[in-house]
Amino acid sequence: MKRIDFKKLLKEIDHYLKCLHVDESVVFKTYKRDRYILIQAAENDIFEVTEHGFNNQTYQGNYVEVKKLLHTSVQVEFPRSNMAWMQHYKNTVKNKPDEEQLK
């Protein structure tokens with residue numbers, strides 16, 4: 001798991017939205033690891049985002065829609081964070097990260 005400075009978090013999210021392939025996912029967690037945002041590449045240019053924390057919701061969309069929603073989600077899920085954790089997963093359809101792996 002990689003530790004990220006909060007100032008670079010939005011840049012990292014944008015980077016992974018651009019380079020995430022089908023069947024890959026990335027999870028961003030708060031420093032205490034009690035809340036997270038999971039981004040999964042479902043199809044070409046379609047992403048599924050799962051928020052777990054203050055807002056427990058899942059939404060899908062293309063790059064532009066998801067990017068806009070993620071920027072607001074980060075403000076909600078990471079309100080006072082200075083650091084965050086990032087983990088990249090491959091082959092998530094076969095080995096879909098469950099609640100146990102995300103903790």
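Couple of notes before you dig in:
- Of all residues in the range 1-27 being farther than 16 Å from Lys90 by Cβ and in contact (Cβ under 8 Å) with a residue 60 or more places away in the chain, the one that is surrounded by the fewest Cβ atoms within 10 Å (Cβ to Cβ): Arg3
- Here Thr72 meets each of (1) part of a strand (DSSP E or B); (2) over 22 Å from Lys2 (Cα atoms) with one exception, condition (1).
- Residues within the range 45-56 that are over 14 Å from Asp14 (Cβ atoms), part of a strand (DSSP E or B) and among the aromatic types (Phe, Trp, Tyr), tallied: 0
Residues checked against (1) among the small types (Gly, Ala, Ser); (2) modelled with pLDDT of 90 or more; (3) part of a strand (DSSP E or B):
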residue	(1), (2), (3)
Thr58	no, yes, yes
Arg80	no, no, no
Ala84	yes, yes, yes
Val93	no, no, no
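- Being assigned to a strand (DSSP E or B) and modelled with pLDDT under 90 is a property that holds for Ala42.
- Among the candidates Thr50, Thr30, the residue that is buried (at least 16 other Cβ atoms within 10 Å of the Cβ), without any contact (Cβ under 8 Å) to a residue 40 or more places away in the chain and among the polar types (S, T, N, Q) is uniquely Thr50.
- Scoring Tyr89 on the criteria (1) within 17 Å of Lys32 (Cα to Cα); (2) not in a loop (DSSP other than H, G, I, E, B) leaves a single failure, condition (1).
The values are calculated or read from the model by the stated rules, or taken from the named source; none is laboratory data. Because the structure is predicted, anything quoted here is derived from the model rather than measured. A quick note on method: Cβ atoms are made from the backbone with ideal geometry, for glycine too, and the neighbour counts reach across all protein chains shown.
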